[in-house]
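Readers should treat all values here as calculations from the given coordinates under stated rules, not as data from a laboratory. Here the structure is a predicted model, which means the values were calculated and not measured. Cβ placement follows ideal geometry from the backbone for every residue including glycine, while neighbour counts extend to all protein chains displayed.
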Amino acid sequence: MSDSAGRRVISLDGEWRYRKDPERSGERERLYDPSTSRDSWGTMAIPANWYKTEVGDYHGVIWFAREFELPEEMKGREHLLRFKAVDYIAEVWLNGAYLGRHEGFFAPFEFRVTKHIREGRNIVIVKVDSPRDETEYRLAPEQPGFERPLSGAYKSRKPVALTTIKGSCIDFWHRPGWETQFGQDGNTGGIWQGVELIATGRLTIENVKIYPKLVEREGAPDGTALVSVEVDIHNSSGETVRADIGLEAWGKNFESSEEIKKSKEFVLTPGASRVKLVHTVERPALWWCWDHGTPNLYQMRITATMGEVQDERVETFGIRELKLDEEGRWHLNGRRVFARGMRYHSSIWLGDGNARMFREDLGKMRELNINAIRIGSHLEKPEFYRLCDEMGFLVWQVFPLHWGNYADTDELIERAAPMMREMVSLLYNHASIVMWSVFKEPNVYQFEPRPNLYGRLCEIMYESARTVDPIRWVHKGDYGEGAQNVMTGVWGEKYTDFRIEPDANPQKVEFGTASLAPLETARQILKPEEQWPPDWDRWYYLNFDPNWLTLQGIDVESKSGLAELIEEVQSWSARQIKESVEYIRQRKYRPNASMFLYFWSDPWPCLGGSGLLDHYRRKYKSYDIFGMVYSPVLVSIEWVKEKHLVGFEKVYAPGDKLVAKVWVTNDLHREFAGASLRWRIEGPGGKTLEEANQELAVAEDSSEVAGSVEWGIPEGGEEGSYRMEAELKDNRGEVLSTNYFEFRVAGARESGGMK
């Protein structure tokens, strides 16, 4: 039990009784009735995604029951029954009284239960419905020349008109059975976050929104901040009352010398009221992302008092402001910042996530120099956002709608818009949240007629977000409004020209490619007979598309087995990710303002991964180079060709000329005068063939060409592996960045300088 002035909370987590109801007959059988026998029901530890229990992969209804005693100190007070998240539709009874219904998988909801609760034994019954969406799965057209070797049941299929609003938790690239008729396998239903009973006095603080705003005078910050606090209060007394609403704030992770304290009397009528308090902070300690400063956080206690404290809430917030300029560049607290980002999805079974997992993942992200995270089409647990606040990550949150395979109906819009308001309200006070998106890829749809989701649903979702958050930037949906996907090796043509023009979209919301799982993982999730030769039906179900091998120039027939294939695919992917990062960062602000790798880790035990770690947090080959190319100060080598290719091995013939540019990118607001740059080319055996040194001044927050290289490969040059290395040091001799560019010299040109 947690204890604070005016508020008592007991957790109802733990062992619940449950019964499956595949026939949906529970109401007829009066399973909500307290007198109904539950001796034959099973037991389940709540919270849980039921997929991770003995229930397994089940779509439909399960009834849950929990008995509890009302503690002595909670008697005679106002009571609320709160569910932190239920997937997907919940209907709730207390002691036989129907409380209500909630739809959606991520948002907390609560009921006022004072008139239904008893001093002795109480029983809460929850009917949870996580249905299979009944949309049609239609055969998707194949790209000419890329027909997949799949049997009829496993050929690529896409949903036509989903009506269940679960984003990546229902039909998604990284789910069991992706892009097949089995795309809803691995269902995520259940009471997957906690349940609690809350007791307050006659006044209940239902919601608190804290609006921090940096104050400007004559177009420039004047050094102060306004903290506006909006408090929703419920008066259960049945009378109009006078009450003091007070706030007090202090530094949560720093010592604050400035008193932030205020109290004001308000007249509250019975039922719901909203009041506002505003306080000027003369010397605000600003919240920064970790690589630009300290993520200073405040805590605020809000109290509702009538003679004595009736209720109290404690909220954490940060004083910061992020704006996008006309070119889409990010400005945090007036300082331009470049977002070196990552897409993140802890697990498709979101209940797997916990503070330990999040802390380990975020700690590794900081080690790899990641400062921004994009949460696409799902929500993580509250602990994740709390740690992002504390550890200083910029978070771009996307609403749980993924791909354009949703029904274009008024009814869907009516259901989705309230969920949008729930999401923004839930996460509003987090300092790390800097922008919203209302939809993940609404224009990705392969059939005709195409739904007008961007023109209809996205508009209403945008307006719904704005009613809750008038400050942060709201993005209507990929890939409009400056957002762009630049992944290669997963669709399109084989030799994609990875060229970003200065007038291109500045937000690279996805880059990277696809890979094959580490060997240990592949052997863990594939049966021996599925491993080699590849059982393409099974591989496709496990998220590996055989067309990726064609796009990456890899001939599976020439491989001796699974281990050799994994080695080549992972090597290709590591090169693609490294070279994509370098090329995007070289063009920082021309036009690139942000970049987000797709993905940090695989959200389920799949065979086709696309990030740095698999579901078990085993490394892909790209992991060990990622921190190098995401370094805030980066030296990089651009391979100069008419067509810029990423991922493919660079091959030259004797007598060819290597042409390259050496770039220096600095994301810090600190210049490095008197820096030194050294590069050298070494041939087979490590022999130095060419080298140069130069001194230069590295400007703050910049990306510039520091030098050009033209090196003629000798006509009689030795065949084999070559490497160009670069090293940047500051004026004290400290290494700021090292990098390399690898190529091969062969007897004849291969595929125009690529493999």
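List of remarks:
- For the chain, the longest principal axis of the alpha carbon atoms and the long axis of helix 355-367 meet at an angle near 30°.
- Alpha-carbon spread of segment 513-564, three principal axes, descending order, Å: 26, 22, 19
- Nearest 10 degrees, 0 to 90: helix 562-586 Cα axis against the chain principal axis: 90
- Debye log10 I(q)/I(0) for segment 201-317, one point scatterer per Cα, at q = 0.16 Å⁻¹: -0.77
- Beta bridges by DSSP in segment 634-745, antiparallel share as percent, to the nearest 5: 95
- Considering only Val61, Leu607, Gln143, the residue lying farthest towards the positive end of the dipole of the chain is Val61, judged by Cα position with unit charges set on Cβ.
- Distance (nanometres) between label positions extended 7 Å along Cα→Cβ at His669 and Trp473: 1.7
- Size of charge dipole - segment 201-317 - debye, nearest 20, with Cβ of Lys, Arg +1 and Asp, Glu -1, no other charges: 180
- Dipole of the chain [Lys/Arg +1, Asp/Glu -1 at C-beta], most positive-end residue of Tyr589, Ile233, Val735: Ile233
- Over segment 479-540: Kirkwood hydrodynamic radius from C-alpha pairwise inverse distances, Å: 14.6
- Orientation-averaged projected area, Cα convex hull of segment 634-745 (nm²): 7.2
- Check: the chain dipole with +1 on Lys, Arg Cβ and -1 on Asp, Glu Cβ, in debye: 980
- Neighbourhood charge, 10 Å Cβ-Cβ cut-off, centred on Trp41 and excluding it, Lys, Arg +1 and Asp, Glu -1: +3
- Axis of helix 457-468 versus longest Cα principal axis of the chain: the two differ by about 60°, to the nearest ten degrees.
- Each label was represented as a point 7 Å from its Cα along the Cα-to-Cβ direction; for Thr53 and Arg82 these points are 2.3 nm apart.
- Take every DSSP beta bridge whose two residues both sit in segment 338-630; close to 10 percent of them are antiparallel.
- Cα-based convex hull volume of the chain per residue, rounded to whole Å³: 175
- Near the amide H of Tyr479, within less than 5 Å, lie the amide hydrogens of Asn443, all on another chain or at least 5 residues away, with H placed in the peptide plane.
- Segment Glu230-Glu695, extension gain: residue separation times 0.36 nm, minus the distance between their alpha carbons: 161.9 nm
- Working note: 222 nm ellipticity from helices only, DSSP H runs with n ≥ 4, each -39,500 (n - 2.57), summed and divided by the residues of the chain, gives -4500 deg cm²/dmol to the nearest 500.
- Nonlocal amide H pairs with Ser737, under 5 Å, H built at 1.01 Å: Leu728
- Percentage, to the nearest whole number, of Cα pairs in segment 1-148 over 19 Å apart: 59
- Selection from Ile577, Ala673, Trp436, by position along the positive dipole direction of the chain (Cβ): Trp436
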